[in-house]
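Any read-out appearing in this document is the output of simple, stated calculations on the displayed coordinates, not a laboratory observation. Just so it is clear, the model here is predicted, and its values are computed rather than measured. Cβ atoms come from the backbone with ideal geometry, glycine included; neighbour counts cover every protein chain shown.
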Amino acid sequence: MTRLPDPSIETPTPSSEVVRQSFTLPNTEQYLLHSATREQPYQIYVFKPSQEAPLEGFPVIYLLDANAIFATMVEALRVQSRIPEKTGVYPAVVVGIGYPTEEPFDSSRFYDFTMPTPQEVLDALPVRNKDAARPQLGGADAFRAFIEQELKPRIERDYPINTKQQAIFGHSLGGLFVLQTLFTQPQTYQTYIAGSPSIHWNKVILKEQEDQYTANLGFTQSNHKLLITTGELEQGHPSNMNENARELYERLALLPREKLHADFYEFEGEGHVSVLPGLVSRAVRFMRRA
């Protein structure tokens, strides 16, 4: 038996369809910020918690590769900081540093996150396509200066920031940049998150920076935290990423814990990219650990 249409039910027409809008994360904004030393501007993403800021200001997380990770970090904080007494995660401002692209990663990161690298080291690096042109390298010092001299003053002016609770988060080459920053300018942050750090890009120079850092540690008032992580499935990669990260942690773990609180974690069943959500979740909890 054929069922006739119910005249009381309006048939959808193009004019009565739902209105679709772009989705945006609450309490976030983005803008382009030009650097005095770079032609290409940086895409800056900022999240400010909806909670009232404490008298000393919010902790702040400076996040590298923000095109890929900013939303993940913001949602982890928004959800977990609702009940901080249970989760150990407190509201924080997130400052993402990215590039003017719709892609998750931009080749400019190779320049911004790496130190000058000798040609013989570059020739020994594992690459997917040896015939492809290598990206420009060696701009880590300039990028670090941009953050300290141009970005941070703007953030501290515009948001209630606690400058005694600053963290930097980087993964892969970003993790390498985080380690370089700890070893060469440890006073710039209190918490350092280095996920799957690409130590192999310049292992010799990084070791020299590490040795200088440890030699100076007894003469400073430093009290830092460092989290180094890897994914289990990164084992066996030609870069020796897991082995390099663990060896670094084992050396740093011997330092006085009141000077440097170093932790290491390997994410079971995760690879170089799939590890990111778990890394973000662990990082926001690590920030407030004693």
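Odds and ends about this structure:
- Computed from label points 7 Å out along Cα-Cβ, the spacing between THR220 and GLU148 is 1.1 nm.
- Fewest-first ordering of SER107, SER198 by other beta carbons within 10 Å of each residue's beta carbon gives SER107, SER198.
- Amide H contacts under 5 Å for TYR265: ILE228, THR229, THR230, restricted to partners 5 or more places along the chain or on a different chain, H placed in the peptide plane at 1.01 Å from N.
- Nearest-ten-degree value, helix 203-216 long axis tilted from longest Cα axis of the chain: 70
- Ranked by how many other beta carbons lie within 10 Å on average, peptides 280-286, 256-262 from highest: 280-286, 256-262
- Computed over segment 25-286, relative contact order equals 17 percent, with contacts defined as Cα pairs under 8 Å that lie 6+ residues apart.
- Total charge dipole magnitude, the chain, about the Cα centre, Cβ charges on Lys, Arg, Asp, Glu only, Debye to nearest 20: 620
- The dipole here belongs to segment 18-130: it is taken about the Cα centre, uses +1 on the Cβ of Lys and Arg and -1 on the Cβ of Asp and Glu, and is about 320 debye.
- Centre separation in Å (Cα based) which lies between segment 234-290 and segment 142-205: 16
- Segments 77-88, 162-173 sorted - mean Cβ within 10 Å per residue, highest first: 162-173, 77-88
- Cα-based shape type of segment 25-286, given that a ≥ b ≥ c are square roots of the gyration tensor eigenvalues and the cut on a/c is 1.5: rounded
- Rounded FRET efficiency, nearest 0.05, which uses the C-beta distance separating GLN187 from ARG20 and R0 of 51 Å: 0.60
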